[in-house]
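Before any comments, here is the structure.
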Amino acid sequence: MSLLKQRRHESRHLRDSARGQPCLVRLPGICNHDPSTTVLAHLNGGGMGTKTSDLFGVFTCSACHDEIDRRTMYFSADAVKLAHLEGMVRTQQHWLDVGLVTLK
């Protein structure tokens with residue numbers, strides 16, 4: 001499959017697993033630390049309105065999600081992307097630990 005034309009893989013189980021979880025992006029001074037606002041935020045995809053597969057999502061509170069989607073811009077885009085990627089690693093580790101994602 002071409003890197004330019006990737007299929008988006010969706011999982012309701014992965015998206016639903018974010019509910020009630022702590023924020024794993026944790027932007028200093030931004031994060032509201034409120035698990036009731038946590039959703040699965042996707043890494044920005046290949047263009048306007050394009051989301052990556054759910055596997056590349058991260059548990060994020062509403063405040064950090066606003067930074068990821070650039071509705072607020074307290075941090076540079078590079079700093080937010082790094083925090084998102086670090087949180088994505090923590091999210092994927094959680095999914096492995098609880099068996100939502102398995103390796104063959």
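Annotations
- The numbered conditions (1) on the phi < 0 side of the Ramachandran plot; (2) free of Cβ contacts under 8 Å to residues at least 12 places away in the same chain; (3) within 16 Å of the chain's Cα centre (by Cα) are all true for C31 except (2).
- In this entry, A79 passes the filter for residues that are more than 22 Å from H13 (Cβ to Cβ), among the hydrophobic types (A, V, I, L, M, F, W, C) and open to solvent by 30 Å² or more (accessible area, probe 1.4 Å).
- Boolean, N44 is touching a helix residue (DSSP H, G or I) at 6+ places or on another chain (Cβ under 9 Å) and either small (G, A, S) or open to solvent by less than 70 Å² (accessible area, probe 1.4 Å) (or both): no
- Number of the condition not met by E10 [criteria: (1) surrounded by 17 or more Cβ atoms within 10 Å (Cβ to Cβ); (2) modelled with pLDDT under 95]: (1)
The values are calculated or read from the model by the stated rules, or taken from the named source; none is laboratory data. Source: prediction; values computed, not measured. As a convention, Cβ positions derive from the backbone with ideal geometry for all residues, glycine included, and neighbour counts pool all protein chains shown. Heads up: the accessible areas ignore ligands, DNA and RNA and are worked out on the full protein's heavy atoms, side chains in. Shrake-Rupley method; radii C 1.70, N 1.55, O 1.52, S 1.80 Å.
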